[in-house]
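J.: The structure is given below, and queries will be raised subsequently.
The values are calculated or read from the model by the stated rules, or taken from the named source; none is laboratory data. A quick note: this is a predicted structure, and the numbers were derived from the prediction, not measured. We place every Cβ from the backbone using ideal geometry, glycine too, and count neighbours over all the protein chains shown. Only protein heavy atoms, including side chains, enter the accessible area calculation; ligands, DNA and RNA are left aside. Shrake-Rupley method; radii C 1.70, N 1.55, O 1.52, S 1.80 Å.
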Amino acid sequence: MNFSEIKKLDESYVLQTYGRNQIAIDRGRGATLWDTEGKEYIDFTSGIGVCSLGYANEAWAKAIYDQAMKVGHISNLFYTEPYARLASKLVPAAGMAAAFFGNSGAEANEGMIKLARKYSFEKYGKGRATIITLKNSFHGRTITTLKATGQDHFHEYFFPFTEGFRYAEANNMDSLMAEADGDVCAVMMELIQGEGGVNPLQREYVQSVAKLCREKDWLLLIDEVQTGIGRTGTLFAFQQFDIEPDVLTFAKGIAGGLPFGGFLVNEKCRNVLRAGDHGSTFGGNPMAAAAGNVVMDAMTPAFLEEVQKKGEYLRRGIAALNSPYVSGVRGMGLMIGAGIQGMAHKELKDKLMAEGLLCLTAGSDTLRLLPPLVITEAEIDKGLEIMARVMK
Ligand SMILES: *Cc1c(COP(=O)(O)O)cnc(C)c1O
């Protein structure tokens, strides 16, 4: 099918809930994609930070195929090897105590929220279930994670929302202290606010929050759905902030393109959720877990160092464009935000796409770049050339 045939079918039969780019992607290799009309693109999106090993990665595809030909799915009422293996890689690499596997970021955050409330209930009883999240955050699209998201426009239409969330200004301890009543059980935050505009939190602030959580026995909940699995140049972003989360979530990058998410807990939280408290039909599916094992095997120190280097190279390259449209470059590793001025960020994204470069937007004025972690320097250079042409 060509693009207009696909679009016509989609518009006839699919809920139009996305502001879609006006191309249909057909295939890819590495960090390069082709649409149905044969046009080539450099990919600075990885889906949305998902395809960490790029497109058509042989080891990834083979692991999924091999697992599909053994057993593609079985319920969590049975043990499976890919599941146990993946947990055995993730847990020690993060310095945590145990894993739970689900299917998406929002679902992972739901589990983390459940855990925090149960921890507090068992220790302190009722009336201590409020979770403080940050303004401008994003935690997902379920009724509870929408409410956890600290942006008013996500709190419309779908009443009644889950109770028990309050919001503090990022990087402002006074604002957090103003919410620090006796009903609080946890603080939940992203270390780089992704959807909110690729805004890294200040290290000192994050450490002060961690200290306050320890003092008050609030759980420190870190949403690493976007920042996790090598994206920022370490396996998890928290490892660059010198803090110890009680629970952290991951999803986007973990299985390189298959639906997968989950959370890791420390020793203190290991026995909060017990048999019957939480679960998932698809969570930790053997094919997705097999893919996750390939992704985790790729996360060597040398690979992560390359992510740091390539991120620096791309950030410097954007700054060196001296574009009048760029107000500043932020981010860590290959999670990069460029502040855009003088043009709407979405208009710029469309212009770049027309010239063969795929980017994301975030916040109200940010071009968000999340290239596959395996992107080559040659591919980055091609992307920068396109930016130079469009943004001069
Ligand atoms: C994408 C994202 C989510 C939601 O993940 P889904 O898989 O879309 O449910 C939650 N938190 C953060 C920080 C995200 O970037």
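J.: Cα-based Rg of the chain per 2.2 N^0.38 Å, rounded to two decimals?
T.: Details: Rg = 20.9 Å, N = 392, 2.2 N^0.38 = 21.3 Å.
It is 0.98.
J.: Taking the Cβ of residue 2 as the center, what net charge do the other residues with Cβ under 11 Å away carry, scoring Lys and Arg +1 and Asp and Glu -1?
T.: Local charge sum for residue 2: -2.
J.: In addition: For residue 152, what charge total do you get from the other residues with a beta carbon under 15 Å from its beta carbon, if Lys and Arg give +1 and Asp and Glu give -1?
T.: Values: positive: 135, 147, 166; negative: 156, 169, 195.
Charge balance near residue 152 sits at 0.
J.: List the GluC sites (Glu not before Pro) within the stretch 108-205 that DSSP assigns to loop and that have no more than 10 neighbouring Cβ atoms inside 10 Å.
T.: Numbers: sites: 110, 122, 156, 163, 169, 179, 190, 195, 204; in loops: 156, 163, 169, 179, 190, 195.
Passing sites in the stretch 108-205 are 156, 163.
J.: Give, as a single signed number, the net charge of other residues whose beta carbon lies under 13 Å from the beta carbon of residue 377, with Lys and Arg counted +1 and Asp and Glu -1.
T.: Neighbourhood net charge equals -1.
J.: Work out the FRET efficiency for residue 205 and residue 327 from their Cβ-Cβ distance, taking R0 = 30 Å, and round it to the nearest 0.05.
T.: The formula returns an efficiency of 0.85 here.
J.: Let me ask another. How much length is gained on full extension from residue 73 to residue 169, taking 0.36 nm per residue of separation minus their Cα-Cα distance?
T.: Values: separation 96, 0.36 × 96 = 34.56 nm, distance 4.32 nm.
Between residue 73 and residue 169, full extension yields an extra 30.2 nm.
J.: If you don't mind, there's one more thing I want to ask. For labels at residue 303 and residue 281 in the simple 7 Å Cα→Cβ model, what's the distance in nm?
T.: 3.2 nm
J.: Quick one: Cα centre-to-centre distance for the stretch 57-83 and the stretch 280-354, in angstrom?
T.: Cα centres, the stretch 57-83 to the stretch 280-354: 28 Å.
J.: Apply 1/(1 + (r/R0)^6) to the Cβ-Cβ distance of residue 343 and residue 84, taking R0 = 35 Å, and write down the FRET efficiency to the nearest 0.05.
T.: Efficiency, rounded to the nearest 0.05: 0.10.
J.: Please identify every one of the chymotrypsin sites (Phe, Trp or Tyr not before Pro) in the stretch 16-51 that sits in a loop by DSSP and has no more than 16 other beta carbons within 10 Å of its own beta carbon.
T.: Taking the stretch 16-51 and a limit of 16 other Cβ atoms within 10 Å, the loop chymotrypsin sites (Phe, Trp or Tyr not before Pro) found are 18.
J.: When the chain is fully extended, how far beyond the present Cα-Cα distance does residue 26 get from residue 320, taking 0.36 nm per residue of separation?
T.: 102.6 nm
J.: Please list the equivalent ellipsoid semi-axes of the stretch 91-172, computed as the square roots of five times the alpha-carbon gyration tensor eigenvalues, in descending order and whole angstrom.
T.: Working: eigenvalues 99, 57, 40 Å².
Semi-axes, largest first: 22, 17, 14 Å.
J.: Pick out which of 187, 294, 14 has the largest mean-square fluctuation in a Gaussian network model of the chain, springs linking Cα atoms closer than 10 Å.
T.: Result for the chain, Cα springs under 10 Å: 14 fluctuates most.
J.: Here is a further query. Based on the alpha-carbon gyration tensor of the stretch 119-248 and its eigenvalue square roots a ≥ b ≥ c, which shape applies: rounded if a/c is under 1.5, prolate if not and a/b is larger than b/c, or oblate?
T.: In terms of gyration-tensor shape, oblate.
J.: Something else: In terms of Cα to Cα distance under 21 Å, which lysines are near enough to residue 147, apart from those fewer than 8 places away along the same chain?
T.: Answer for residue 147, where 21 Å is the Cα cut-off: 114, 118, 126, 135, 252, listed by chain and number.
J.: Here is a further query. Restrict the search to the stretch 217-276; then list the trypsin sites (Lys or Arg not before Pro) that DSSP places in a loop and that have at most 13 other Cβ atoms within 10 Å of their Cβ.
T.: 270, 274
J.: Determine the order of 249, 17 by accessible area, beginning with the largest, at a probe radius of 1.4 Å.
T.: 17, 249
J.: Would you look at the GNM of the chain, springs on alpha carbons closer than 10 Å, and say which of 225, 50, 209 moves the most?
T.: 209
J.: Would you please state which residues of the stretch 254-278 a label at residue 214 would reach in this model, taking the label point 7 Å out along Cα→Cβ and a backbone N cut-off of under 18 Å?
T.: Only 266-269 fall inside the zone, counting backbone N under 18 Å.
J.: Expressed in nm², what is the orientationally averaged projection area of the convex hull enclosing the Cα positions of the stretch 37-147?
T.: Computing the convex hull of the Cα atoms and averaging its projections yields 11.8 nm².
J.: Also, I was wondering about something else. Between 46, 120, 208, find the one with the highest GNM mean-square fluctuation for the chain; connect C-alpha pairs within less than 10 Å.
T.: Maximum among the listed residues: 208.
J.: Could you tell me the relative contact order of the stretch 16-100? Use alpha-carbon pairs under 8 Å, at least six residues apart, and round to a whole percent.
T.: 16 percent
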